[in-house]
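Read the structure below first, then the notes.
Each reported figure results from applying straightforward, stated rules to the coordinates on display, with no laboratory input. Owing to the predicted nature of the structure, the values given are computational and were not obtained by experimental measurement. In this analysis, Cβ positions are derived from the backbone assuming ideal geometry, glycine residues included, and neighbour counts consider all displayed protein chains.
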Amino acid sequence: MISTGLAAELRAAGLQWAPISGDRFQLSGPDFEGDVFTVSDMTIEAHRYPSGTVLGFNGTTEWALDSVALEDALWLPREDQLRELLRGAFLGLRREPVGEHGGARYVVTVRIQGSDREFAKEDAEEAYGAALLELIRAATVAP
């Protein structure tokens with residue numbers, strides 16, 4: 001799963017979230033430290049209103065929590081979502097051995113403003129996320 005820190009950086013860089021069933025998210029605050037929630041048609045639904053989107057907790061899913069504003073939730077995109085967001089910039093993913101004890105890292109290659117760039121992390125989702133973050137940042141400073 002993508003780290004909370006990287007997810008927060010993606011949001012700060014401008015990544016928008018339109019919740020769908022299966023999406024994972026976290027809520028800020030000490031009461032929710034480490035808790036990961038999943039949008040589901042049965043338990044947590046995205047309700048869209050003219051004033052904004054709220055995540056509604058149906059029934060007795062989570063204590064007395066009825067709903068939270070979308071901006072109070074931090075989206076934790078999945079690997080397939082990150083890859084999709086890279087769109088045509090995505091060139092490939094490879095697994096490389098690291099060290100003598102069978103460790104590995106994942107390398108995502110993307111093309112950003114005409115240059116091929118590689119992002120290596122121990123987790124494929126983190127590598128995709130790092131590549132997406134750089135792509136978003138490059139797009140916001142491009143002429």
- Item | Cβ-based charge dipole, the chain, positive-most Cα from Gly88, Ser3, Phe57 | Gly88
- Pairing the Cα long axis of helix 124-141 with the longest principal axis of the chain, what angle in degrees results, from 0 to 90 and rounded to the nearest 10? 90
- Task: Give the share of C-alpha pairs in each 10 angstrom bin for the chain, from 0 to the last occupied bin, in whole percents, shortest bins first.
- Result: 11, 36, 30, 18, 5, 0
- In a Gaussian network model over the chain where Cα atoms closer than 10 Å are linked, find which of Pro30, Pro77, Pro97 has the largest mean-square fluctuation. Pro30
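Based on the Cβ-Cβ distance from Tyr49 to Ala138, what FRET efficiency comes out when R0 is 41 Å, to the nearest 0.05?
Numbers: r = 34 Å, r/R0 = 0.82.
Between Tyr49 and Ala138 the formula returns 0.75.
Please state the shape class of the range 62-143: rounded when a/c is under 1.5, otherwise prolate if a/b exceeds b/c and oblate if not, all from the C-alpha gyration tensor. Don't jump to the answer; show the numbers that get you there.
Working: a/c = 3.03, a/b = 1.33, b/c = 2.28.
Taking the square roots of the gyration eigenvalues as a ≥ b ≥ c, the range 62-143 is oblate.
Treating the beta-carbon of each Lys and Arg as +1 and of each Asp and Glu as -1, no other charges, what is the dipole magnitude of the range 79-141 about its Cα centre, to the nearest 20 debye?
Values: 9 positive and 12 negative charges, 61 e Å.
Once rounded to the nearest 20, the dipole reads 300 debye.
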